[in-house]
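Written out below as structure tokens is the structure these notes cover.
The values are calculated or read from the model by the stated rules, or taken from the named source; none is laboratory data. Nothing here was measured: the structure is a model prediction, and the numbers come from that model. Note that each Cβ is placed from the backbone with ideal geometry, even for glycine, and that neighbours are counted across all protein chains shown.
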Amino acid sequence: MSKIGLIIGREYFTRVKKKSFLITTILVPLVIMGFYAIIVAVAMKGNSSDSKQRIGIIDEAGIFSDTAIKNIDTAKYKIVTGETEETFVKKYKDQGLFGFLYIPKFNLNKPDGIVMHSQSSVGLSRTMAIESMVSKAVFLKRLQILGIDPEKYKDIDATVNVQSTIDTKDGSKKSIAGLAYIVSFACGILIYMMMIIYGTQVMRGVTEEKTNRIAEVVVSSVKPFELMMGKIVGIGLVGLTQFAIWIILVGILQSLLPLFMPDMMQQMGGDGATAVKSGIMAQVSEGLSTLPLLKIGFLFIFYFIFGYLTYASLFAAVGSVVSEDQQEAQQLVFPILMPIILGFVIMTRAIDAPDSSMAVFGSLFPLTSPVVMMGRVTYAIPIWQIAVSAILLIGTFLLLTWLTAKIYRTGILMYGKKPSWKEMMKWAFRKQ
Amino acid sequence: MNLLELYNLKKYFATQKAVDDVSFGIQQGDIFGLLGPNGAGKTTLLRMITGIFYPDSGSINFNGKPFNTLKDAEKIGYMPEERGLYKKMKIGEQAIYLARLKGLSTADATEKVKHWFSKLEMQSWWNKKVEDLSKGMSQKLQFVTTVVHDPKLIILDEPFSGLDPVNANLIKEEIFNLAKNGSTIIFSTHRMEQVEEICNHIVLMNKGKKILDGTVNGVKQEFKENIYQLKAAMLPEHLMTDVFEVVKLNNNQLLLKLLHESKPNDVLQYFIQKNIQVESFTEVLPTLNDIFIRQVEGTETARTFQHIN
């Protein structure tokens, strides 16, 4: 028994002590965060320098020139009169304009032919701003023609917010659909990625031991099953360690975020930024408190561990039958990846329709349940479904491990030709 | 007493009778040579002795008791033909890890690894990785990891391949020392000159079956062809006699084969009668290499696939 501990220890410490582990665990999330920060910063900056230069408008359609409509921000736009498209093309640069918008005479029911002239390309956000501004102008013009007072229209216009409330035994709670969605999706994608990443590591580790012929030395000291399980458990612990570090990192970053980003927050929302931001923060924390976090955490750990174990034994079996040829490995890995990917697809649907028959099936079927169940985790799942899913998953894990261990035992000592599926099946179902 | 006894071991694979009804015993302290051409079933046999494979039928006794894979594995050291080590692991750490897998405590393992490293002048390797070692160096390391836990039975599959003469001698000395201290050594190879030099007991396998079993000398006696070498001051061109026939004549050296029931003395008498001065007269025993080739000859060099019911 202590020998499997030794193997787990070796698998764990050789990986955790590697520089690449530190890099992927600590640096990657930081780099991603930094990347996002840079993107946001660049987007903000681009916007502000952009908006310093005004844009001219030649309004032949007369949608802005009407005195009744005053919806132009004169800091950003300037109505140009007495010019045509052709003549102004040569002049706008000298007048210090970034570009100009040409609005030809058009049928108000079918406004087209509007052109934006500029010397450099126009940013997406600016194009959208211009489009919404012109659309609004056309809209107001139409109101005017129909004889509807814009103020009155505003009064008639309705926007409704539907607040969802979950009724539990402890009373009603507000829920935030978006947040539940994000939590579900994040859990599902984490399990999905971890199963693939760590499963592949198990496979590579096994192939390495086989091609280095160390497997032969080790299995003369321990049972092949101990070597396989030691590797699977050791690598799984590396995964859990990585989770733990990430959770701590996220915690630290969350408390640091306001320190080096307040500037950005302000720019993002203009004057109302702080109010909006604190509102969002309050909403998020309120929303989090409504989610059954303990249940989510428990199910996440459970499905991560058993999902990983189930697939890791399959990956180990594949690793044991292939040689150094990576192409062989890819061919054999494909059938294993299929159900994982299928699970991911069902999971994205399950988030929208957690009680659909497809979602229920996917969360019970043991090869997809680890990922699909995460899609339903923020909703109330009937206890019997969780129980059945868990029992099926554990049963599948035991069965697959028992079968793959036999493939593994034969595979790690076989060199040369890759065995066929038929041969592997024969190994798996052989008596001893 | 026999340390290891094999009774009617069989192991069939899908297309091969890899080991087909093999029995023999190995005495404690023996240096035992397991010989055979490629594909004779040596590696499969060794894997059954190390507990990696279960025999299809037959049994193994180790130290007087039926072989127990788990308990007896700690008393066996196995160095497979294809060397195996973790390339990225530090050498000292790796040797200790492998020793602990054989049941040593960390303290014991560290002490013994250090002892062997200094014995074979490997101390400076401790913090290096296996990938930094040359083939011969990793061979030495592999040998240390095989014997570090003082196994009763040491199985070496081609231990000298890739070693220069100096290191090969070093390892050879250690093998003799280990045998002197009571370890039993199984030595699998097809390098016959090494077997003659090192082993005292050999078994020759071919196509999964045992075809020879005995001491090196016994086997040679069994296969001797009554050939003698004679050196004389002057030899006549034509030697006509019914005592022996000439195998080869080269100046004053003669290789002869006794005919009928003649004895060596008859040969000497013949030369004395002819008044030829004999300078030396020795029996020429066949080399193991000759015996090996003669036994294996005529069978297919490579095993063909066969159908097994």
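With (1) at the interface with chain A (Cβ under 9 Å from one of its Cβ atoms); (2) buried (at least 18 other Cβ atoms within 10 Å of the Cβ) as the list, and B:E74 as the residue in question, which single condition is left unmet?
The one condition B:E74 does not meet is (2).
Only one of (1) more than 20 Å from A:K223 (Cβ to Cβ); (2) within 8 Å of chain A (Cβ to nearest Cβ); (3) in contact (Cβ under 8 Å) with a residue 60 or more places away in the chain is not met by B:K87, so which one is it?
For B:K87, the failing item is (3).
Each row is one residue, and each column tells you yes or no for (1) of a type in the set (F, W, Y); (2) assigned to a helix (DSSP H, G or I); (3) surrounded by fewer than 20 Cβ atoms within 10 Å (Cβ to Cβ).
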{"position": "A:Q327", "(1), (2), (3)": "no, yes, yes"}
{"position": "A:I341", "(1), (2), (3)": "no, yes, yes"}
{"position": "A:A359", "(1), (2), (3)": "no, yes, no"}
{"position": "A:P366", "(1), (2), (3)": "no, no, no"}
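For residues that are under 38 Å from the mean Cα position of the chain (by Cα) and outside any helix (DSSP H, G or I), scanning just region A:118-149, find the one that is farthest from A:E83 (Cα to Cα).
The residue in question is A:G123.
Regarding B:G33, is this residue away from chain A (no Cβ under 14 Å), in contact with a His (Cβ under 8 Å, 6 or more places away or on another chain), surrounded by 15 or more Cβ atoms within 10 Å (Cβ to Cβ) and part of a strand (DSSP E or B)?
yes
Identify the residue in region B:49-70 that is under 28 Å from B:I171 (Cα atoms) and away from every other protein chain (no Cβ under 12 Å) and, among all such residues, is surrounded by the most Cβ atoms within 10 Å (Cβ to Cβ).
Looking at residues that are under 28 Å from B:I171 (Cα atoms) and away from every other protein chain (no Cβ under 12 Å), I get B:F62.
Can you list the helices (runs of 4 or more DSSP H) found entirely within region B:66-120 that contain at least 3 residues being modelled with pLDDT of 90 or more?
Ranges flagged: B:91-101, B:106-119.
Per-residue answers, yes or no, for (1) touching a Lys or Arg at 6+ places or on another chain (Cβ under 9 Å); (2) modelled with pLDDT under 85:
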residue: A:M268; (1), (2): yes, yes
residue: A:D271; (1), (2): no, yes
residue: A:V276; (1), (2): no, yes
residue: A:E286; (1), (2): yes, yes
residue: A:T290; (1), (2): yes, yes
residue: A:A312; (1), (2): yes, no
residue: A:G319; (1), (2): yes, no
residue: A:I341; (1), (2): no, no
residue: A:M347; (1), (2): yes, no
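Looking at region A:381-418, which of its residues are within 14 Å of another protein chain (Cβ to nearest Cβ) and under 38 Å from the mean Cα position of the chain (by Cα)?
A:K406, A:Y408, A:G411, A:I412
What pairs can you find where one residue is in region A:124-148 and among the hydroxyl-bearing types (S, T, Y), the other is loosely packed, with under 12 Cβ neighbours inside 10 Å, and their Cβ atoms are less than 6 Å apart, with a gap of 6+ or different chains?
Pairs that qualify, where the first residue is among the hydroxyl-bearing types (S, T, Y) and the partner is loosely packed, with under 12 Cβ neighbours inside 10 Å: there are none.
For region B:90-97, state whether one or more residues are within 13 Å of chain A (Cβ to nearest Cβ), in contact with a strand residue (DSSP E or B) (Cβ under 9 Å, 6 or more places away or on another chain), in contact (Cβ under 8 Å) with a residue 12 or more places away in the chain and farther than 21 Å from A:K210 by Cβ.
Looking for residues that are within 13 Å of chain A (Cβ to nearest Cβ), in contact with a strand residue (DSSP E or B) (Cβ under 9 Å, 6 or more places away or on another chain), in contact (Cβ under 8 Å) with a residue 12 or more places away in the chain and farther than 21 Å from A:K210 by Cβ, one finds at least one in region B:90-97, hence yes.
Hey, any hits in region B:167-185 for a residue that's more than 25 Å from B:D150 (Cβ to Cβ) and either outside any helix (DSSP H, G or I) or in the same structural domain as B:L46 (by TED's automatic domain parsing) (or both)?
Checked against the condition, which is being more than 25 Å from B:D150 (Cβ to Cβ) and either outside any helix (DSSP H, G or I) or in the same structural domain as B:L46 (by TED's automatic domain parsing) (or both), region B:167-185 yields no hits at all.
Yes or no: A:K76 among the basic types (K, R), touching a Lys or Arg at 6+ places or on another chain (Cβ under 8 Å) and at pLDDT below 80?
yes
Evaluate the following for A:I196: is it within 22 Å of the chain's Cα centre (by Cα), more than 13 Å from chain B (Cβ to nearest Cβ) and either within 19 Å of A:F397 (Cα to Cα) or assigned to a loop (DSSP other than H, G, I, E, B) (or both)?
yes
Would you point out the residue of region B:121-166, among those that are basic (K, R) and not in a loop (DSSP other than H, G, I, E, B), that is nearest to B:A179 (Cα to Cα)?
Of everything passing the filter in region B:121-166, B:K140 is nearest to B:A179 (Cα to Cα).
Can you spot a residue in region A:413-420 that is surrounded by fewer than 18 Cβ atoms within 10 Å (Cβ to Cβ), at pLDDT 90 or above and farther than 23 Å from A:T200 by Cβ?
No: region A:413-420 contains no residue that is surrounded by fewer than 18 Cβ atoms within 10 Å (Cβ to Cβ), at pLDDT 90 or above and farther than 23 Å from A:T200 by Cβ.
Suppose the filter is more than 14 Å from chain A (Cβ to nearest Cβ) and crowded, with 17+ Cβ neighbours inside 10 Å; does B:L46 pass it?
no
Of all residues in region B:213-235, which are aliphatic (A, V, I, L, M), surrounded by 14 or more Cβ atoms within 10 Å (Cβ to Cβ) and out of contact with any Lys or Arg (no Cβ under 6 Å at 6 or more places or on another chain)?
Answer for region B:213-235, where residues must be aliphatic (A, V, I, L, M), surrounded by 14 or more Cβ atoms within 10 Å (Cβ to Cβ) and out of contact with any Lys or Arg (no Cβ under 6 Å at 6 or more places or on another chain): B:V216, B:V219, B:L230, B:A232, B:L235.
In region B:276-304, which residue that is of a type outside the set (V, I, T) and part of a loop (DSSP other than H, G, I, E, B) is modelled with the lowest pLDDT?
Only one residue tops the list, namely B:A302.
Would you check if there is a residue in region A:224-231 being modelled with pLDDT of 85 or more, surrounded by fewer than 20 Cβ atoms within 10 Å (Cβ to Cβ), within 14 Å of another protein chain (Cβ to nearest Cβ) and part of a helix (DSSP H, G or I)?
Within region A:224-231 (the criterion being modelled with pLDDT of 85 or more, surrounded by fewer than 20 Cβ atoms within 10 Å (Cβ to Cβ), within 14 Å of another protein chain (Cβ to nearest Cβ) and part of a helix (DSSP H, G or I)), the answer is yes, since at least one residue qualifies.
If you check B:Q229 against the conditions, is it in contact (Cβ under 8 Å) with a residue 12 or more places away in the chain and either closer than 26 Å to B:E174 by Cβ or in a loop (DSSP other than H, G, I, E, B) (or both)?
No, not satisfied.
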